[in-house]
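Please treat every number below as a calculation from the coordinates, not as lab data. Note that the structure is a prediction, hence the values are computed from the model and not measured. Cβ coordinates were reconstructed from backbone atoms using ideal geometry, including for glycine residues, and neighbour counts include every protein chain displayed.
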């Protein structure tokens, strides 16, 4: 299983503008609409990646735990669906419904949103504060498939708590590690 690290977009970067369709509702969401009073968590995930599957229960818990916190949440899949049919929009909708996602699962067909975020892997996490500035990017926690560390969401949860004024931002932000985003050939 290939391991690709996050590119670690510079802190302070403004939330890139985006507008994408939700695979469950069919509604189009834009980043500003998803922004909560305190911020927005953007998660690049996909259906087939073993790194995402490893943390999926925790992503669902995050959605439940922070649903009413004033932090908006959204998941985005940008993978090439020709080469990776498990990541097709209808399969994304199935996963979101089966797992009870409380956040939209958007499809980035032309991959422009992934490029705007400089996303590199799945999962890849970006937390913006209420002013739309990037305050955290990187890993969920130290757990990886097969490393024996329990999934806790510790790093990302600490960052969310800091944005909510209930703690301090992690001083060390480690890159996420996962499968590379499956880029389409440009032509």
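Only one of 96, 120 is closer than 19 Å to residue 4 by Cα and in contact (Cβ under 8 Å) with a residue 60 or more places away in the chain. Can you tell me which? Among 96, 120, only 120 is closer than 19 Å to residue 4 by Cα and in contact (Cβ under 8 Å) with a residue 60 or more places away in the chain. Of the helices (runs of 4 or more DSSP H) lying entirely inside region 68-187, the ones with 3 or more residues being touching a strand residue (DSSP E or B) at 6+ places or on another chain (Cβ under 9 Å) and farther than 17 Å from residue 45 by Cβ are found at 154-163. Of all residues in region 1-53, which are closer than 22 Å to residue 153 by Cβ, touching a strand residue (DSSP E or B) at 6+ places or on another chain (Cβ under 9 Å) and outside any loop (DSSP other than H, G, I, E, B)? Across region 1-53, the qualifying residues are 4, 5, 34, 39, 40, 41, 42, 43, 44, 50, 51, 52. Selection of region 131-160 for residues being over 17 Å from the mean Cα position of the chain (by Cα) and either more than 18 Å from residue 13 (Cα to Cα) or in contact (Cβ under 8 Å) with a residue 24 or more places away in the chain (or both) yields 145, 146, 147, 148, 149, 150.
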